[in-house]
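Down below is the structure, laid out as C-alpha cells.
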Amino acid sequence: MEISLAAEQIGHLGPLPITNSMLLSWIVSIGLILATTFSLRNLKSVPTGIQNFFETIVEALFNLANSILDDEKATKKYFALVATIFIFIVTNNWIGLVPGVGSIGIHEGEKFVPLLRGANADLNTTLALAVVAVIAIQIFGVAAIGTFKYAKKFINFNGPINFFIGIIELISEFAKMISFSFRLFGNIFAGEVLLTIVAFLVPLIAPLPFFALELFVGAVQALVFSMLVLVFIKMAITEVSH
C-alpha cells in the first residue's frame with residue numbers, strides 16, 4: 001500500500017506534464033459537456049428523462065442560491081458560476097470513488113502509478129478552483145459598485161482604523177484562496193486515504209459504509225465551496241461605507 005500526497009505524472013502533452021488527477025478532471029469535464037449538450041437537445045415544455053433530472057438539480061440549486069442572495073435578479077446573474085462550480089466539484093468527488101480510480105495503473109520499478117486519481121485530491125485542482133472563484137468575486141464586486149468604491153473596501157485613508165480594516169480585508173481576500181483550496185483538498189484526500197486503508201485491511205464488505213460516507217462528504221464539500229463563493233459574492237457586491 002502506497003499513499004502519495006502529490007498527483008503522479010503519467011505523460012506529456014507537448015511541454016505540458018499530464019498527471020492522473022488532471023486526466024480524470026478532463027474526462028469529467030468532457031462528460032459534463034456532453035451530458036449537458038445532450039440534455040439541451042429537443043427540450044420539452046414538460047420535461048422527461050435526463051432533461052427532468054437536470055432541471056430538478058438546477059431548480060434546487062437556484063432556489064438555494066436565491067435564499068442566500070435574496071434577490072432573484074442577482075441570483076440569475078451569478079448563478080451560472082456557482083452552479084458550475086458545484087456540479088464540477090461534486091461530480092469529481094463522486095467519480096473519484098468509482099472502483100478502478102486509484103487502483104488501476106502501471107508499475108514503474110517498485111512504484112505503482114495509478115492512471116486516474118480523484119481531481120480534488122490534488123491540491124493543484126482545488127487551488128485552481130479557488131483562484132478562479134476569488135478572481136470572479138473581485139470582478140463581480142467591481143462591476144456591481146464601481147472600481148473606486150470597491151477599492152475603498154481595501155484602501156481607505158479616512159482614519160487609521162479604516163485603513164487598518166482595509167488592510168485586513170485585503171489580506172482576507174488572499175486567505176480565501178488558501179481556505180477554499182485546502183478545505184476541499186484536505187477533506188477529499190483524507191477520504192481517499194481512509195478508503196485505501198480500510199480496503200487494504202478488510203477488503204470487500206468493510207469499505208461499503210465508508211463509500212456511502214464519502215458520497216455524502218463529497219456532496220457536502222461541493223455545497224460548502226459553492227455556497228461560500230455565493231456568500232462572498234454577496235459581500236463583494238454590497239456597498240459599504242467606512
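As for the stretch 161-178, it holds no residue that is in contact with an Asp or Glu (Cβ under 9 Å, 6 or more places away or on another chain), farther than 14 Å from residue 229 by Cα and either surrounded by 15 or more Cβ atoms within 10 Å (Cβ to Cβ) or modelled with pLDDT of 85 or more (or both). Of the candidates 109, 102, 49, the single residue that is in contact with a Ser or Thr (Cβ under 8 Å, 6 or more places away or on another chain) and at positive phi is 102.
Among the residues of the stretch 12-65, the one identified as closer than 23 Å to residue 77 by Cα, exposed (fewer than 10 other Cβ atoms within 10 Å of the Cβ) and among the polar types (S, T, N, Q) is 37. In the stretch 61-99, which residue that is part of a loop (DSSP other than H, G, I, E, B) and within 17 Å of the chain's Cα centre (by Cα) is farthest from residue 225 (Cα to Cα)? Among them, the one singled out is 97.
The single condition among (1) farther than 22 Å from residue 192 by Cβ; (2) touching a helix residue (DSSP H, G or I) at 6+ places or on another chain (Cβ under 8 Å) that residue 30 does not satisfy is (2). Restricting the stretch 100-128 to residues that are assigned to a helix (DSSP H, G or I) and in contact with a Phe, Trp or Tyr (Cβ under 7 Å, 6 or more places away or on another chain), the residue that is nearest to residue 193 (Cα to Cα) is 121. A search for C-beta distances below 9 Å between a residue of the stretch 1-21 that is on the phi < 0 side of the Ramachandran plot and any residue that is basic (Lys, Arg) and at pLDDT below 85, counting only pairs 6+ apart in sequence or on different chains, returns 2/111; 4/111; 8/111.
The values are calculated or read from the model by the stated rules, or taken from the named source; none is laboratory data. The shown structure was predicted, so the numbers you read here are calculated from the model rather than taken from an experiment. Cβ sites come from the backbone with ideal geometry, for glycine too, and all protein chains shown count toward neighbours.
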